[in-house]
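Every number here is computed from the coordinates shown, using simple stated rules; none is lab data. Quantities reported herein were computed from a predicted structural model and do not represent experimental measurements. Neighbour counts run over all protein chains shown; Cβ positions are idealised from the backbone, glycine included.
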Amino acid sequence: MNKPKHTSGYQRNSSAIKGSRSSIIVFSSNFDASTWFLEEIENILKCHRTISQMVVAVFYDVDPSDVRQQKGVFAQERWFRKNTSMRYGAAFIEVANMTRFFTSDS
């Protein structure tokens, strides 16, 4: 009897990202960093570099410079002080410098 393989949400998302022709990253003023989110960004950027996957960043009610400079909601101490802070900060800078769309309700 074959047992079904169980995969985590991260593994499924990682496979979906790798199999996609493009990815969209949305930053909003309601941003709340999680390790999962930051690892997803890194995965998307890796696909962008290695398989030329198209990546578009959307900034909803957020100034792209806040992401680039890790200001405001993107400077939350709880995740930028960890050992991986430089890695994630570099990923934010890379995304903020990509093709992007800026939108606001106002």
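Assorted remarks:
- Local electrostatic count, Ser29, Cβ distance below 13 Å [Lys/Arg +1, Asp/Glu -1]: -4
- Cβ crowding within 10 Å averaged over residues, with 24-37, 53-66 ranked highest first: 53-66, 24-37
- Computed 3J(HN,Hα) for the range 22-36, one whole-Hz value per residue from the Karplus formula 6.51 cos²θ - 1.76 cosθ + 1.60 where θ = phi - 60°, is 8, 9, 10, 10, 10, 10, 9, 5, 8, 4, 9, 5, 9, 4, 4, glycine and proline marked x.
- Long-range amide H partners of Asp61 with built H, under 5 Å: Thr103, Ser104, Asp105
- Extension gain, Asn30 back to Lys46 (0.36 nm per residue minus Cα-Cα distance, nm): 3.2 nm
- Where a label projected 7 Å from the Cα of Phe37 along Cα→Cβ would reach, residues of the range 49-69 with amide N under 18 Å: 56-69
- Built amide H within the under 5 Å cut-off of Val26, gap 5+: Val58
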